[in-house]
Ligand SMILES: Cc1ncc(COP(=O)(O)O)c(C=O)c1O
């Protein structure tokens with residue numbers, strides 16, 4: 001008997017396929033391939049022994065042995081929620097009470113990704129407007145699309161989101177009678193995925209002031225995704241936007257233990273205005289009535305013993321070397337060219353590369369094919385941009401220095417240069433430019 005076709009929900013139909021899955025599969029299926037695409041963390045420095053000792057401790061102690069193997073609570077293990085709050089406010093140099101915060105305003109989740117997802121499900125109806133940086137974290141774009149949100153984007157420069165452009169956009173939406181649909185501004189404000197750029201201290205204040213100025217008519221939330229904050233390799237930490245939100249009204253601060261410790265533990269957190277907690281608990285209860293309790297006990301233990309902090313310090317050294325390897329290699333391979341540029345991140349895992357306009361980086365472009373043939377992969381920059389949202393540059397790429405060793409990073413960048421020369425030899429660059437100009441590209 002042949003069955004009638006199964007009907008899927010509108011939400012399922014709206015949810016796009018992950019654009020990066022194909023790239024991940026290529027890298028995993030071919031060990032010779034140097035993946036500068038994967039968002040994986042450094043495998044060699046994952047804290048296997050430290051976590052092994054923590055697990056042994058937890059299981060040997062009658063106070064934790066059975067509880068850590070039992071179901072936990074929807075919002076997460078209370079001692080860890082308290083430690084997360086102290087950890088984040090400690091980095092910001094403020095007390096929780098100055099920010100009107102308590103551990104009840106902290107939610108733990110299956111990675112920060114789950115919390116980003118639940119927040120979006122809870123806040124947006126189809127047609128609601130969310131403002132993001134251009135480019136932005138494309139996995140979150142997919143969440144927004146799945147929830148039917150309309151995404152408006154704001155360009156970035158070296159200081160992160162352009163606040164003057166954000167002001168103009170909000171003003172335009174207000175004049176168009178659409179202010180009531182504007183629900184949130186999403187920013188990855190430390191070493192952004194995908195560009196590596198950081199929002200400056202001055203702009204953080206300006207963003208919050210702008211949101212405050214609209215508050216009597218429309219309460220717009222800022223979702224501050226600080227996934228990479230702790231991976232800083234030079235300069236001083238910048239206080240979070242959350243630390244400026246002294247009334248605890250406007251900023252949801254999302255963080256994760258995936259990058260600074262272990263993504264296998266898949267534990268993240270959100271610190272948020274108190275009135276968001278109850279609806280979020282209801283929805284999260286439907287999702288899972290509690291994320292992995294065992295991971296939360298492990299992280300609580302690592303924070304208590306100080307081993308978490310030691311791991312972060314170790315990781316900074318490891319990633320600093322990789323970041324330097326990538327920037328040095330880019331300089332060696334493309335340094336003399338004024339038609340190639342890249343960001344110089346002071347933390348995180350990503351460099352944003354801008355190739356000349358005649359070298360397209362889309363998945364089916366000759367350059368991408370030449371890179372794959374040469375054994376190197378990157379994430380096409382277009383994945384970070386929303387289709388139909390103004391200028392969508394076709395010659396950008398996200399390069400990750402998270403996973404590959406310094407030697408492979410250097411070799412990967414060398415292969416990238418060779419692929420670029422193969423599709424548009426440097427000597428013919430001006431000729432290629434004129435062809436493009438002639439073609440009106
Ligand atoms: C900007 C950003 N936010 C959030 C996440 C989610 O991380 P996790 O769910 O592992 O905490 C990631 C992961 O790559 C990310 O890059």
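How high is the relative contact order of the stretch 278-375, given as a whole-number percent (alpha carbon pairs under 8 Å, six or more residues apart)? It would help to have the intermediate numbers written out before the result.
Working: 35 pairs, mean separation 11.4, N = 98.
It rounds to 12 percent for the stretch 278-375.
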Please list, by residue number, everything in the stretch 121-161 whose backbone N is under 18 Å from a paramagnetic label point 7 Å out along Cα→Cβ of residue 15.
121-127, 138-150
For the chain (alpha-carbon point model, no solvent) the Debye-based log₁₀ I(q)/I(0) at q = 0.06, 0.07, 0.08, 0.11 Å⁻¹ works out to -0.27, -0.37, -0.48, -0.91
Compute the helix-to-body angle for 429-439: its Cα long axis versus the longest principal axis of the chain, expressed 0 to 90° and rounded to tens.
80 degrees
Peptide ranges 351-360, 285-294, 330-339 listed from the most packed, as the mean C-beta count within 10 angstrom indicates:
351-360, 285-294, 330-339
Along principal axes, largest first, the alpha-carbon spread of the stretch 102-248 in whole Å comes out as 44, 33, 31
Return the FRET efficiency for the residue pair residue 332, residue 234: r is the Cβ-Cβ distance, R0 is 25 Å, and the value is rounded to the nearest 0.05.
0.75
Going by alpha carbons, how many degrees (0 to 90, nearest 10) lie between the helix axis of 274-287 and the longest principal axis of the chain?
80 degrees
State, as an integer percentage, the relative contact order of the chain based on alpha-carbon contacts under 8 Å between residues 6 or more apart.
22 percent
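Residue separation times 0.36 nm, minus the C-alpha to C-alpha distance between residue 168 and residue 69: what's the value? Please list the in-between numbers first.
Numbers: separation 99, 0.36 × 99 = 35.64 nm, distance 5.19 nm.
Using 0.36 nm per residue and subtracting the Cα-Cα distance, I get 30.5 nm.
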Measure out, as a whole number of angstrom, how far apart the alpha-carbon centroids of the stretch 1-74 and the stretch 336-367 sit.
29 Å
Sticking with the crude label model, points 7 Å out along Cα→Cβ, report the distance from residue 411 to residue 278 in nm, one decimal please.
5.9 nm
Once you compute Rg and the Kirkwood Rh from C-alpha atoms, what is the Rg to Rh ratio for the stretch 1-55?
1.25
Expressed as an acute angle from 0 to 90° and rounded to the nearest 10, what is the orientation of the C-alpha long axis of helix 48-60 relative to the principal long axis of the chain?
20 degrees
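At 4 °C and a viscosity of 1.567 mPa s, what translational diffusion coefficient does Stokes-Einstein give for the stretch 85-150, taking Rh as the Kirkwood radius over Cα pairs? Give it in µm²/s as a whole number. If you can, show how the numbers build up before the last one.
Values: Rh = 13.9 Å.
My calculation gives 93 µm²/s for D.
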Largest to smallest principal axis extent of the C-alpha atoms in the stretch 154-198, angstrom:
35, 18, 11
Peptides 398-408, 55-65, 108-118: what's the order by average Cβ count within 10 Å, highest mean first?
108-118, 398-408, 55-65
How far apart, in nanometres, would the label points at residue 217 and residue 158 be if each is projected 7 angstrom from Cα along the Cα-to-Cβ direction?
3.6 nm
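The numbers here are math on the coordinates, done by the rules we state, and not lab data. Source: prediction; values computed, not measured. Quick reminder, even Gly has a Cβ in these numbers, built from the backbone with ideal geometry, and neighbours come from all protein chains shown.
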